[in-house]
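What follows draws every value from the coordinates through simple rules; no lab data is involved. Here the structure is a predicted model, which is why all the values come from computation and not from measurement. Backbone-built Cβ (ideal geometry, glycine too); neighbour counts: all protein chains shown.
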Ligand code: SF4
């Protein structure tokens with residue numbers, strides 16, 4: 001396999017709101033996305049996964065680290081080169097209500113990336129929009145209507161049509177089904193799977209919901225307080241999680257925890273703020289397996305099995 005995206009030691013530190021110290025939203029994240037792969041990035045809200053998505057697309061600038069996209073150093077690109085590269089990297093947001101301009105027709109919304117990149121003549125763009133709407137399962141009559149005339153699932157289809165308009169290589173899906181009813185979620189997940197195969201796409205799939213990621217991801221990276229604590233093939237991570245945090249997340253998936261006779265692991269307290277990161281292992285105040293060393297020494301990532309990594313002293 002060939003890597004489409006390589007992220008090394010990526011950080012984003014914001015000045016804290018009170019002007020004292022820093023908020024470590026993303027703190028030394030490294031990951032690889034192979035061509036044709038779906039990598040799920042999972043964690044509770046506030047763990048830094050959406051900031052990571054925006055850093056990778058350079059919608060915000062990192063404080064440090066490196067991003068290589070399709071063999072190019074992304075952070076070395078000037079504004080014009082970056083605009084060209086953006087056509088290969090698109091994002092679908094969580095909230096289809098907020099991410100579509102209510103004053104624009106669907107035709108204008110879907111054609112916007114084609115217009116910006118001057119892809120084809122106006123007539124060709126109109127034809128392209130009709131094809132895109134068909135690809136995402138909307139009828140051609142949708143083109144002249146406005147976003148408020150559609151259901152949540154249909155609006156997410158419009159957002160997806162816009163994201164694939166320029167035939168990108170990478171799509172970052174930031175909680176793409178979290179705002180939808182469960183019955184609609186699986187339709188959108190099936191559509192994404194279908195488009196991935198037909199259009200040769202690679203996905204970074206960001207979600208707080210491990211049960212959703214289980215359906216779509218080839219590999220999973222679990223984030224906690226700005227760091228990746230475990231990565232591996234989705235099936236292995238979900239059936240035999242190594243990190244105590246992943247074990248707690250997996251135990252909460254319906255059908256994976258109490259129903260199978262396994263105990264649900266309820267974590268104490270909320271995640272600490274990224275502005276006040278605990279010393280040692282960041283997870284230690286909530287970890288049911290914490291021991292003395294965890295309070296003073298941060299664990300490094302180890303590879304206990306081929307293709308898997310975990311940052312926990314228990315797996316050294
Ligand atoms: Fe828990 Fe210690 Fe492992 Fe951190 S290093 S996850 S506190 S056991």
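Which residue fluctuates the most in the chain, going by a Gaussian network model with Cα springs under 10 Å, if the choices are 116, 164, 56?
Sorting by GNM fluctuation, first place goes to 116.
Mind checking which of 79, 301, 165 has the largest fluctuation in a GNM of the chain, springs on alpha carbons under 10 Å?
The residue with the greatest mean-square fluctuation here is 79.
Could you check what % of the DSSP bridge pairs in the chain are antiparallel, to the nearest 5?
60
Would you mind getting the Kirkwood hydrodynamic radius of region 147-280 from its Cα pairs, rounded to one decimal in Å? All intermediate terms of the calculation are to be shown ahead of the outcome.
Numbers: mean 1/r = 0.0597 Å⁻¹.
By the Kirkwood definition, the hydrodynamic radius is 16.7 Å.
Relative contact order, percent, of the chain when contacts are C-alpha pairs under 8 Å separated by at least 6 residues?
On the way: 586 pairs, mean separation 63.4, N = 316.
Contact order relative to length: 20 percent.
Would you compute the Debye intensity of region 31-92 from its alpha-carbon atoms alone, equal scatterers and no solvent, and pass along log10 I(q)/I(0) at q = 0.24 Å⁻¹ to two decimals?
Ignoring solvent entirely, the Cα scatterers give -1.25.
Just to confirm the number: angle between the C-alpha axis of helix 182-199 and the first principal axis of the chain, 0 to 90 degrees, nearest 10?
70
Restricting to DSSP H runs of at least four residues, report the calculated mean residue ellipticity at 222 nm for the chain, -39500 (n - 2.57) per run over all residues, nearest 500 deg cm²/dmol. Can you show the working numbers first?
On the way: 11 runs with 102 residues, N = 316.
That calculation yields -9000 deg cm²/dmol at 222 nm.
Percent of alpha carbon pairs in the chain separated by more than 35 Å?
Numbers: 11700 of 49770 pairs.
More than 35 Å apart: 24 percent of the Cα pairs in the chain.
Return the single residue from 128, 217, 268 with maximal mean-square fluctuation; model: Gaussian network over the chain, springs between Cα atoms under 10 Å.
For the chain, modelled as a Gaussian network with Cα springs under 10 Å, the answer is 268.
Given a Förster radius of 22 Å and the C-beta distance between residue 198 and residue 2 as r, what FRET efficiency does 1/(1 + (r/R0)^6) yield to the nearest 0.05?
Details: r = 20 Å, r/R0 = 0.90.
That gives a FRET efficiency of 0.65.
What FRET efficiency would be calculated for the residue pair residue 104, residue 80, taking the C-beta separation as r and a Förster radius of 22 Å, to the nearest 0.05?
Numbers: r = 26 Å, r/R0 = 1.18.
My answer for the efficiency is 0.25.
Along the Cα-to-Cβ line of residue 16, 7 Å from the Cα, sits a label point; which residues in region 281-309 have backbone N less than 16 Å from it?
Counting backbone N atoms under 16 Å from the label point, the list is empty.
Given axes a ≥ b ≥ c from the Cα gyration tensor, I'd like to know whether region 205-279 is rounded (a/c under 1.5), prolate (a/b larger than b/c) or oblate. Before the final figure, lay out the partial values.
Numbers: a/c = 2.02, a/b = 1.30, b/c = 1.56.
Oblate, since a/c reaches 1.5 and b/c is not below a/b.
Starting from the alpha-carbon convex hull of region 40-159, give the projected area averaged over all orientations, in nm². All intermediate terms of the calculation are to be shown ahead of the outcome.
Details: hull surface 37.0 nm².
Hull-based average projected area comes out at 9.3 nm².
For region 158-224, taking Cα atoms only, what is the radius of gyration to one decimal and the Dmax to the nearest whole Å?
Every Cα atom of region 158-224 included, Rg and Dmax give 11.7, 34 Å.
If r is the Cβ-Cβ distance from residue 72 to residue 186 and R0 is 35 Å, what FRET efficiency results, to the nearest 0.05?
So the FRET efficiency works out to roughly 0.45.
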